[in-house]
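Visitor: So that we are looking at the same thing, I have put the structure below in structure tokens.
The values are calculated or read from the model by the stated rules, or taken from the named source; none is laboratory data. Source: prediction; values computed, not measured. No Cβ is skipped: glycine too gets one built from the backbone with ideal geometry, and neighbour counts run over all protein chains shown. Surface areas here come from the heavy atoms of the whole protein model, side chains and all, with no ligands, DNA or RNA. Shrake-Rupley method; radii C 1.70, N 1.55, O 1.52, S 1.80 Å.
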Amino acid sequence: MSRISFCKKWAAALSAQQNLSPETESVVAFAIEVLFINLINLVLTLSIGWILGVFVETAIVLFTVAVFRHTAGGAHSESPWRCAAGTAIVFPLLGVLGNLMTSLPSVLCDMISVLAIGVGFYLIYKYAPVDSPAAPIVSLQRRNSLRNKAFWAMAIFSLVIIGGAMTDYSYSR
């Protein structure tokens, strides 16, 4: 059940309107809470990125991680608020790091990119998809499908990285 009072009230109103069972009302309250926390997380993370001058970079990190979390899974925090705090701190810092990389010589950026691509493919091969104890992936077919999607996502991101390195495009402000 939700711990946020307005989520409980909203779920109760929806439950009364739709004649939902108490169990379904509890699920709806939890869903509203998760959506609320994720919205707060997104706004806070992007706001910190904007304050640090790396809004675009932070948005790119958020997008990339969202794609991989959807396909490859990942670690789950004990608390959604702890996850939100970690995201709000780490993702803008990754944006700052990415922005700092633009000042490195292109050869060094290319070497770091190739290393990151190689490590990414290895980690997908070795660990993806990661499931959580609360929701294990029991179907071999689903596990293989998620791993293939993670490989395809990595391949597409790799092509974008390689394509960017092959152009004269320079991202600087």
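Visitor: Go through the stretch 156-167 residue by residue and turn each phi into a ³J(HN,Hα) via Karplus (6.51, -1.76, 1.60, θ = phi - 60°); whole Hz please, and just put x for glycine and proline.
Guide: Once rounded to whole Hz, the list reads 5, 4, 4, 4, 5, 4, 5, x, x, 5, 7, 9.
Visitor: Sticking with this structure for a sec: Please report the relative contact order for the stretch 51-135, taking Cα pairs under 8 Å with a sequence separation of at least 6, and give it as a percent rounded to a whole number.
Guide: 49 percent.
Visitor: Return the carbon/sulfur percentage of the accessible area of the chain, one whole number, probe 1.4 Å, all protein chains in place. Walk me through the numbers before you get to the answer.
Guide: Details: 8310 of 11760 Å².
Percent of accessible area from carbon and sulfur atoms in the chain: 71.
Visitor: Something else now. Just to confirm my numbers, what's the Cα centroid distance between the stretch 1-62 and the stretch 106-173 in Å?
Guide: 28 Å
Visitor: May I ask you to evaluate 6.51 cos²θ - 1.76 cosθ + 1.60, the Karplus curve with θ = phi - 60°, for each residue of the stretch 38-47 and list the ³J(HN,Hα) values in order in whole Hz, giving x for glycine and proline?
Guide: 5, 5, 4, 4, 4, 5, 5, 4, 5, 5
Visitor: Summarise the long-distance tail of P(r) for the stretch 107-173 by giving the % of C-alpha pairs beyond 18 Å. Walk me through the numbers on the way to the answer.
Guide: Numbers: 1091 of 2211 pairs.
For the stretch 107-173, the fraction of Cα-Cα distances above 18 Å is 49 percent.
Visitor: Ok, one more. What residues qualify as long-range amide H neighbours of VAL130, i.e. H under 5 Å apart, gap of 5 or more or another chain, H built at 1.01 Å from N?
Guide: It is GLY73, GLY74, by chain and number.
Visitor: Under 19 Å Cα to Cα from LYS8, which aspartates and glutamates show up? Leave out anything in the same chain fewer than 8 places away.
Guide: Straight-line reach from LYS8, under 19 Å: GLU23, GLU25, GLU33.
Visitor: Could you give the angle, 0 to 90 degrees to the nearest 10, between helix 55-72's Cα long axis and the longest principal axis of the Cα atoms of the chain?
Guide: 70 degrees
Visitor: What are the ³J(HN,Hα) values, in whole Hz, obtained from phi via the Karplus relation 6.51 cos²θ - 1.76 cosθ + 1.60 with θ = phi - 60°, for each residue of the stretch 7-19 in sequence order, with x given for Gly and Pro?
Guide: Listing the rounded values in order: 5, 5, 5, 5, 5, 5, 5, 5, 5, 5, 5, 9, 6 Hz.
Visitor: What is the gain in length, in nm to one decimal, between ALA85 and ILE156 on full extension, counting 0.36 nm per residue of separation less the C-alpha to C-alpha distance?
Guide: Full extension of this stretch gives 22.6 nm more.
Visitor: Test of the criteria: in the stretch 1-93, which GluC sites (Glu not before Pro) are in a DSSP loop and have at most 13 other Cβ atoms within 10 angstrom of their Cβ?
Guide: Filter output for the stretch 1-93: GLU78.
Visitor: Stretch PHE36-ARG143 to full length: gain in nm at 0.36 nm per residue minus the Cα-Cα span? Before the final figure, lay out each step's value.
Guide: Details: separation 107, 0.36 × 107 = 38.52 nm, distance 2.92 nm.
Taking PHE36 through ARG143 to full extension adds about 35.6 nm, to one decimal.
Visitor: Relative contact order for the chain: what is it in percent, counting Cα pairs under 8 Å that are at least 6 residues apart?
Guide: Computed over the chain, the figure is 21 percent.
Visitor: Where only protein heavy atoms count, and the probe is 1.4 Å, what is the accessible area per residue for the chain in Å²?
Guide: Numbers: 11760 Å² over 173 residues.
Heavy-atom SASA per residue in the chain reads 68 Å².
Visitor: I need to check one value: relative contact order of the stretch 20-95, counting alpha carbon pairs closer than 8 Å and at least 6 residues apart, in percent.
Guide: RCO, the stretch 20-95: 44 percent.
Visitor: Specify which labelled value, from [x] 44, 41, 29; [y] 115, 32, 29; [z] 62, 43, 25, agrees with Cα extents along the principal axes in Å derived from the coordinates of the model shown.
Guide: Evaluating Cα extents along the principal axes in Å on these atoms matches [z].
Visitor: If you don't mind, another one. Among ALA66, PRO80, ILE32, flag the residue with its Cα farthest along the positive direction of the charge dipole of the stretch 23-173, charges on Cβ as +1 for Lys/Arg and -1 for Asp/Glu.
Guide: ALA66
Visitor: Roughly what percent of Cα-Cα pairs across the stretch 1-72 reach past 16 Å?
Guide: Counting every Cα pair in the stretch 1-72, those more than 16 Å apart make up 60 percent.
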